[in-house]
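Novice: If you scroll down you'll find the structure; I have some questions about it.
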Amino acid sequence: MFAVLAAGLAAAATQATQPAGPFDVVLAGGRVMDPSTGLDAVRHVGILGNRIAAVSSTPLAGTTTVDVTGLVVAPGFIDPHSHAQSIEGNQFQARDGVTTALELESGAMPMDDWYRSREGEALLNYGATVGHIYSRIAIMHEKTTWNDIRTTRQATSDPRPDWAYRAGTAVEVEAMIARLDRGLNDGALGIGIGPAYTPAAGRDELLRVFELAARRKALAFIHMRSAGEVEPGGSIDALQEVLANVAATGASVHIVHIGSNGLRQTPRLLTMIDGARARGLDVTTEVYPYTAASTYLQSALFEPGWQTRFAIGFQDVQWAATGERLTEVTFAPYRKQGGLVVIHMIPEESVRAALVHPGVMVGSDGVPLTNGGGHPRGVGTYARVLGRYVREERVLDLMTALRKISLMVAQRLEPFVPAMRNKGRLVVGADADVTVFDAARVIDRATYETPAQFSEGIRHVLVGGAFVVRDEQLVPGVAPGRAIRLGRR
């Protein structure tokens, strides 16, 4: 009785300190769900400028009032692993409920160029790490602009580019580390590492990158060296290398897409990560809710032996541009041509094991579509979690799912990126990044054959207090996305 009374008085006191309005935007009468406080109740949300100014049990006055009765009002979804940093990519993700899309695995270089390329046209908030892959390209090819570095990586004329297949000299490795350090000085959100795509980057080179991350207190994001079930050289070996580097240097690391790295070994990898965390190592991971991976066919992942490593055949590889399954005859010419493929190789039980694990967050690993073809994960990841795995199959409860797609990502980043302290929460003072959805009908529509289909049931999305999706339609002519970037040194 006294506890209930005290809680009521505290709520009343909090509400009394909130401004009376009128507010710029009021989301009226929705089911407000905030994973940071556990609030799950009908409330009215008032927004002033780019901040949440009131979360009230009584109605609020607003210049724009939207009745969201019967809908869930949640913190905007945060994608830590989005490669589709384009207007089209932002549009698909906005319709999927995403308000912040970060390029943390591959990263970018130089940082000024990358951030400038997004300025003024971003629908969603954006940010990037400084990428180790790109440091190799910059040093080995003497490239200095983001466009030149990116174009060099995407070039397909050389099937074994030296930036991936040549060991760096001592002088070159030193220069790579200096480039990464400069990127951190220029506001990168951490260091992105992809040794799976640079097989010639030896263990010492990788250790040097971890040492830099530890010294600079920067979070490292890594696509581990190997995937698959064949040891030595499989996912367990790859994770052991990462954990050894963390233990030796004290670096903090986030391992991307554990399901596509671990395949059937995913539960074992999760146990290893749990053990490392129990012993004080700062290691986290993420998963996307699909049973297929995606990458470039010309990449090092398809070096000879890939069928054995991944336990798949040609028919399990799908050419993204046309949707066709490859054969022994078509594999070689398509690999020489270069392009995205979808790889059907992840067991459903591995996806579920990662999704239900309390320490695993969600990231899409979304890649740009090619002529409307590609992987659906950059289009439907978040609606798929809410529709399939929460409502239909009850693998997760709704609040847990919201925590995995918003708050957990913000909390992982905020010790290193202070701006994230105001994201992933639906409380007074937080950034007004808000996703409103119909829990009874939210679902992904993107498929492997036809990925360019917007999710359904995401009714409204606000970025910094501005609508980017209204009544399940993109709002034309807006670009409220803002850079998330560390201060320069």
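Every number here is computed from the coordinates shown, using simple stated rules; none is lab data. Note that this is a predicted model, so its numbers are computed, not measured. With ideal geometry, Cβ positions are generated from the backbone for all residues, glycine too; neighbour counts draw on all protein chains shown.
Novice: Label Thr291 and Asp274 with points 7 Å out from Cα along Cα→Cβ: what is the distance between them in nm?
Specialist: 2.4 nm
Novice: Using 0.36 nm times the number of residues separating Arg215 and Thr450, minus their current alpha carbon distance, what extension gain do you get? Kindly include the intermediate steps, with their values, before the conclusion.
Specialist: Details: separation 235, 0.36 × 235 = 84.60 nm, distance 4.53 nm.
Extra length from Arg215 to Thr450 when fully extended: 80.1 nm.
Novice: Now, a different point. Would you mind calculating the gained length between Asp397 and Glu348 on full extension (0.36 nm times residue separation, minus the Cα-Cα distance), in nm to one decimal? Each step should come with its number before you reach the end.
Specialist: On the way: separation 49, 0.36 × 49 = 17.64 nm, distance 1.86 nm.
Going from the current span to full extension adds 15.8 nm.
Novice: How large is the Kirkwood hydrodynamic radius of region 428-470, counting all unique pairs of alpha carbons, in Å? Each step should come with its number before you reach the end.
Specialist: Details: mean 1/r = 0.0856 Å⁻¹.
That comes to 11.7 Å for region 428-470.
Novice: What FRET efficiency comes out for Thr58 versus Ile87 if R0 is 56 angstrom and r is the Cβ-Cβ distance? Round to the nearest 0.05. Could you put the intermediate results ahead of the total?
Specialist: Working: r = 40 Å, r/R0 = 0.71.
FRET efficiency, Thr58 to Ile87: 0.90.
Novice: Turning to a different aspect of this structure: Taking the Cα centre of the chain as origin, sum charge times position over the Cβ atoms of Lys and Arg (+1) and Asp and Glu (-1), and report the length of that vector in debye to the nearest 20.
Specialist: Using only the charged Cβ atoms, the result is roughly 700 debye.
Novice: What list of whole percents do you get for P(r) of the chain, with Cα-Cα distances grouped in 10 Å bins up to the one holding the largest distance?
Specialist: 4, 20, 31, 26, 13, 5, 1, 0
Novice: Could I have the simple spin-label model distance between Leu39 and Ala155, label points 7 Å from Cα toward Cβ, reported in nm to one decimal?
Specialist: 5.4 nm
Novice: R0 = 51 Å: FRET efficiency of Arg264 with Glu174, Cβ-based, nearest 0.05? List each step's numbers first, then the result.
Specialist: Working: r = 40 Å, r/R0 = 0.78.
The computed FRET efficiency comes out at 0.80.
Novice: 7 Å from Cα along Cα→Cβ at both Thr145 and Asp67: what's the point-to-point distance in nm?
Specialist: 5.4 nm
Novice: A further question follows. To make sure I understand, if each residue's beta carbon is the centre and we count other beta carbons within 10 Å, what order do Met420, Met140 fall in, fewest to most?
Specialist: Values: Met420 22, Met140 19.
Ranking Met420, Met140 by Cβ neighbours within 10 Å, fewest first, gives Met140, Met420.
Novice: FRET efficiency for Ala311 and Ala20, Cβ-Cβ distance as r, R0 = 56 Å, nearest 0.05? Mind showing how you got there, number by number?
Specialist: Working: r = 62 Å, r/R0 = 1.11.
The formula returns an efficiency of 0.35 here.
Novice: Express in nm, to one decimal, how much length is gained between Gln240 and Asn371 on full extension, taking 0.36 nm for each residue of separation and deducting their alpha carbon distance.
Specialist: Details: separation 131, 0.36 × 131 = 47.16 nm, distance 3.91 nm.
Result for the pair: 43.3 nm of gain on full extension.
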